Amino acid sequence: MAHVQERRRGALSSAIAAGVLGNSDESATAMFMDLDVLHGTIAALKRAPFPPGTLHTFAIKANPVGRVLELMRDAGLGAEVASLGELRQALACGFHPDRVVFDSPVKTREELRFALRAGVRLNLDNLQEVQRVAELLSAEPELLDSTTGGYSTAGPRLIGLRVNPQVGEGRIAALSTAGKVSKFGTPLLEHRRELLAAFADHPWINALHLHVGSQGVPLELTVEGVARVADLAAEVETAAAAASAAYGNGGGRRRIMALDIGGGLPVQYGDDDLGWLLGSANATAAAGSALAPPTETVVSIFERYASMLRQRLPYLFAGCDGSSGNEIAAAAATTNDTNLNRTPPTTNALTMAPQLVTEFGRCLVAKSVFAAGRVEYSKLCGGRRVVVSGLGGDLLLRAVYLPDTWPVRVELYDNAGHTKVCGTAASATDKGEVADDVAEADKSESSEPGSLLPTDVVGPLCFQGDRLAEAMLLPPAHPGDWIVVPDVGAYCLSMYSRYNSRCSPSVWGFWRRRQYATRQEETAAEVMPAVAAAVAPAAVTATPTEEGYSLPAVWAASSSSSRGEGGGGVEEASGQDYDFVLLRRGETVEEVLAFWNLV
């Protein structure tokens, strides 16, 4: 498999040749999801040594496209949702209610009732919400019925309580949810007694939930947050065991059935390296990295995270290697390693560790998608070139409004998809270095047709700050060329701005044709080494056993789907070395106008 950037170039030129991109104004901007990379990322997650039975959910907020969700569902993932709209999208896309987790800091009574009736897992944000649910259940006790909504579950309805472990913030405060002050969860350090009382007063609360943050949050901080809430879970178990003994009933099932540890794995946006994400058996671990494993092998971030959790909280992994919970507890009690010396519950319930639940979003999809926008105009202005395309602050909202926090890489291709230059947006230092060049740049395009000049790459929105790159050294760009931005699979389309009433773009999935000549029969053993080969030139020896990728059969339906009109059927295309499938069509102007004219 070619290097990631070469795959991107190949997919772009194939899309142009196939007429998927650039043959009309409607296809002047589009997004492309590399299904090989997506499948490889999910496989890396599944290989990570989390406890058996762990429920991995996909955070829909990262990328709510229906067909992307169906791919996640078919890969065995659940869904994490944070609004009624996301909840209904998950159910419409076929996720079993027991594999849907509903988190939100502002669930109304009707939304809570809907969730309870639907049979999904529910995480309550705060103690007032606990009281609200208690009132609902008092009035409608049937809402706890495990067969509510037409689905039956093997155990009791899972209702958790979100806790803010208050471990501190990461590099990006806006994405850090476990600081001293947070809009999410009940603060652990201030309300530990009230949290324990909530479990004592409401037997239907049987899970705990936390989320430390995402981009900019180190794994060590996330693991510390999990450890603090795991300690609370141990206290709940001990209190429940003591209460059972006092009443002479001998105890029963464990009190905490699930521990939802949230998501929050950071993404490496600065380059095309996928070693940190997929793992590579032949790459060398980064020297001096605090997270690097003790061998020469680079492991995936999922494996690193699971290993760190197991080192810090071994009793949550009881039975993973044949050891009992009590054996692990004894080891934790006698070891001199403070990372293992947590206080486990003192009852035999330890031998049945709670189910772990994860809520990964960004790290599953960010690296698999690039966006392409056709260059419409190029001009010289004040000693710089200014290149205008359809990619800007509507789709790449964070990159435009917070460029220092969310810089993007910008690449330039010609009208056939051949590379002109690939690089990164100029930093403040870069801008100083090119200052001398600007004085020489104020001349006609024709005088130096191939010269590198400071270039602003700007978008279509009606404000000056709609800029993806400033003073980036680029060769001339012409109408019909292509601006490409990698790593836009997460929190781009889902944050699309309605400013200027522009149409959101289509989303295409693609794969390299030779790898999927027999899609139904091919195994991941053939696919994954090729995906991992994008990490480094060295051969990869890993041989995963997961089933190969295939398009969901439901896509072949010729009529509208349950998600709405126009959701059925499969539109596919082929060009050069890559095949394409439409995951989401772009909006029409009429649909945008309908948004503003709802009366």
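Just so you know, all these numbers are worked out from the coordinates, no wet-lab data involved. All values reported here derive from a predicted model rather than from experimental measurement. Glycine also receives a Cβ, built like all others from the backbone with ideal geometry; neighbour counts cover every protein chain displayed.
At-a-glance table
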quantity: Listed residue pairs exceeding 20 Å between alpha carbons, taken from 46/107; 61/107; 46/183; 107/367; 183/367; calculated: 46/107; 46/183; 107/367; 183/367
quantity: Computed E for residue 243/residue 139 - FRET, C-beta separation, R0 30 angstrom, nearest 0.05; calculated: 0.65
quantity: For 204, 511, 555, order by how many other beta-carbon atoms lie within 10 Å, fewest first; calculated: 204, 555, 511
quantity: Ranked by how many other beta carbons lie within 10 Å on average, peptides 390-397, 493-500 from highest; calculated: 390-397, 493-500
quantity: For the range 387-394, 3J(HN,Hα) per residue [Karplus equation, 6.51 cos²θ - 1.76 cosθ + 1.60, θ = phi - 60°, Hz, x = Gly/Pro]; calculated: 10, 10, 9, x, 8, x, x, 6
quantity: Point-to-point label distance, residue 571-residue 3, nm (Cα→Cβ direction, 7 Å offset); calculated: 3.4 nm
quantity: Estimated FRET transfer efficiency when R0 is 60 angstrom, pair residue 451-residue 235 (beta carbons, to 0.05); calculated: 0.30
quantity: Residue 401-residue 501 pseudo-label distance in nm [points 7 Å out on the Cα-to-Cβ vector]; calculated: 2.1 nm
quantity: Label-point separation, residue 109 to residue 201 (7 Å along Cα→Cβ), nm; calculated: 1.9 nm
quantity: Long-range HN-HN contacts of residue 56 with modeled amide H, under 5 Å; calculated: 78, 358
quantity: Packing-based order for 378-388, 477-487, using average beta carbon neighbours within 10 Å, highest first; calculated: 477-487, 378-388
quantity: Extension gain (nm, one decimal) between residue 192 and residue 599, 0.36 nm per residue minus Cα-Cα; calculated: 141.8 nm
quantity: Amide H within-cut-off set for residue 124, under 5 Å, with H built and near neighbours excluded; calculated: 160, 161, 162
quantity: Order of 501, 13 - criterion: other Cβ atoms within 10 Å of each residue's Cβ, fewest first; calculated: 501, 13
quantity: Amide H contacts under 5 Å for residue 583, placed H, 5+ residues apart; calculated: 507, 508, 509
quantity: In order through the range 96-102: 3J(HN,Hα) via Karplus (6.51 cos²θ - 1.76 cosθ + 1.60), integer Hz, x for Gly, Pro; calculated: 5, x, 6, 10, 10, 10, 9
